[in-house]
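For reference, the structure discussed in these notes is given below.
The values are calculated or read from the model by the stated rules, or taken from the named source; none is laboratory data. Predicted model only: the values in this text are computed from it and were never measured. With ideal geometry, Cβ positions are generated from the backbone for all residues, glycine too; neighbour counts draw on all protein chains shown.
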Amino acid sequence: MATTETQTAPPRPRVGRLADPCVMVIFGASGDLTRRKLIPALYNLGSQQLLSREFAIIGLGRTPMSNEDARKRVTEELKQFATSPIDPDLWEWFLRRMYYISGDFDDPTTYNTLKETLAKADAEHSTHGNVFFYLATSPEFFGDIVERLANVGLMNEENGHWRRVIVEKPFGHDLDSARALNQRLLKVATERQIYRIDHYLGKETVQNILALRFANGIFEPIWNRRYIDHVQISVGETVGVEKRGGYYDNAGALRDMVPNHIMQLISLTAMEPPISFEANAVRDEQAKILHAIQPYTSEEVLSRTVRGQYGEGTVNGQRLPAYRAEEGVPPDSRTETFVAMKLLIDNWRWAGVPFYLRTGKRLPSRNTHVVIEFRRAPFVLFRETQVQDLMPNQLVLHIQPEEGISLRFAAKTPGPAMRLGEVDMDFEYADYFGATPNTGYERLLHDCMIGDATLFQRADMVEAGWSIVNPVLDVWKALPPRNFPNYPSGCWGPKESDDLMERDGRQWRNFEK
């Protein structure tokens, strides 16, 4: 919601642990992620009284600006992207502890200047020597930045202070590059210092998967192959590639979404109960699931995966261009904008239960959800009634845009005859707990400040995710698509995606507004 500087809001009571004193250093401070997500998220944490009073921000970017110019710029940007009314006093508190450094990420003098500015911020705001570095940059800089930080001693932890680094996605572009980047980072930092971020894990519903499964006696006993028929995970976007055609054409839907976002959703949905909510206890169980996913053979890639690319289409009377007509995209591009896959997990809980996933651009609805479809009840009792078929029960975890949970079950319709109708019981977070201003990054930034890595990927998890998609990348590279584009903008992907499930007697659950 857009705001003005004159709007005010009462401070919210603190819910959660107060963050440690620290300095946040943002590499890529003049970029889109910083203005749209990071600064609004920090403001929300301040409004919720979760930031230490001993806190400072250092922005580092290639755009030349003075401290004063940077503060004016970020003030104007916050007016545009804030998710709640701006309290002038609170924002003035932020501005007093903001610094800006202009420099190139590959210039050693930049890091010497940063070291001096950190010492100044620590002296002025008593940040106890604690620092975390947020790499909101192009992936090509990740390794260089962390190595250069280490070269000037900025990754050293001594005298009780901590140093951490948040690495944005994409983390590599295949298994080999992800391994190489992990090795490079772990030469100059410990695993405990590295926070590989996935902003999907900042969503309340994603975090609630663990609470739903393990805090409710009605769900955990039936969360297995005896009662669950299959699981669907869908991540739909209505937008095309917008102005990211140059980047996206080198990535594609598979690399962009599956090894990170979707594998995280699968692991949280399928994992065994951890022994505690301690970070490594949770991530140990997630990693076991990722390692238990059946690897594809070349033949299985052909039968269990689908790729698509959107063509022209009309949505709400507006004509939309084909992917190949987008800015920065070659006219003969073979890059997929849609992926559907069938995965199997080789463990006791999930033996024989397929996990279907799909993600794509230019779909009819912006919607991310997980569908747990249960096995049908026996039909024996209803043979002599007007009931033709029993529909399966479905538990749906809605992740975006509305966050909530719904349960579909059968109920008798009014009247003298035995007829059944489907009923949906819906729960939305905003209705029950109120809406909390949120960009999706608040929880993740706060967790880094308190040293909780539960919602961040560990090195082995990253590599396990890539190991699942690598065979698909290899086959698709060897066998270029012949029918692109193969779905019009505004539909649910190519027909082959529906066929993938219909061959098994199942179908996708679609949500459209």
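Identify the residue in region 124-178 that is among the small types (Gly, Ala, Ser) and more than 27 Å from ASP256 (Cβ to Cβ) and, among all such residues, is modelled with the lowest pLDDT. Among residues in region 124-178 that are among the small types (Gly, Ala, Ser) and more than 27 Å from ASP256 (Cβ to Cβ), the one modelled with the lowest pLDDT is GLY160.
Scan region 78-119 for residues that are among the basic types (Lys, Arg) and in a loop (DSSP other than H, G, I, E, B) and the total you get is 2. Inspection of region 433-442 finds a residue satisfying the criterion of being outside any loop (DSSP other than H, G, I, E, B), at pLDDT 90 or above and assigned by TED's automatic domain parsing to the domain that holds ALA211. The single condition among (1) in contact with a Phe, Trp or Tyr (Cβ under 9 Å, 6 or more places away or on another chain); (2) in a loop (DSSP other than H, G, I, E, B) that PRO221 does not satisfy is (2).
ILE222: surrounded by fewer than 15 Cβ atoms within 10 Å (Cβ to Cβ), more than 14 Å from THR269 (Cα to Cα) and more than 20 Å from the chain's Cα centre (by Cα), yes or no? Criteria not met by ILE222.
Which is assigned to a helix (DSSP H, G or I), surrounded by fewer than 16 Cβ atoms within 10 Å (Cβ to Cβ) and out of contact with any strand residue (DSSP E or B) (no Cβ under 8 Å at 6 or more places or on another chain), of ASP460, ASP474? That would be ASP474, the only listed residue that is assigned to a helix (DSSP H, G or I), surrounded by fewer than 16 Cβ atoms within 10 Å (Cβ to Cβ) and out of contact with any strand residue (DSSP E or B) (no Cβ under 8 Å at 6 or more places or on another chain).
With respect to the conditions (1) in contact with a Leu (Cβ under 8 Å, 6 or more places away or on another chain); (2) buried (at least 21 other Cβ atoms within 10 Å of the Cβ), GLY313 lacks only one, and its number is (2). When region 68-86 is limited to residues that are loosely packed, with under 15 Cβ neighbours inside 10 Å and either assigned by TED's automatic domain parsing to the domain that holds TYR441 or within 20 Å of ALA121 (Cβ to Cβ) (or both), the one that is nearest to the chain's Cα centre (by Cα) turns out to be LYS72. Residues being within 19 Å of VAL462 (Cα to Cα) and not in a helix (DSSP H, G or I) are represented in region 197-210 by at least one member.
Among residues of region 233-258 that are at positive phi, those with a Cβ under 6 angstrom from a residue that is at pLDDT 95 or above, sequence gap 6+ or separate chain, pair up as GLY252/THR335; GLY252/GLU336. Scanning region 439-453 for residues that are in contact with a helix residue (DSSP H, G or I) (Cβ under 8 Å, 6 or more places away or on another chain) and crowded, with 18+ Cβ neighbours inside 10 Å gives THR439, TYR441, GLU442, ARG443, LEU444, LEU445, HIS446, ALA453.
A Cβ distance below 8 Å, combined with a sequence gap of six or more or placement on separate chains, defines the contacts here; from region 87-108, residues that are surrounded by 14 or more Cβ atoms within 10 Å (Cβ to Cβ) reach residues that are among the hydrophobic types (A, V, I, L, M, F, W, C) and in a loop (DSSP other than H, G, I, E, B) in the pairs ASP87/ALA9; TYR100/ALA29; TYR100/MET65; SER102/MET65.
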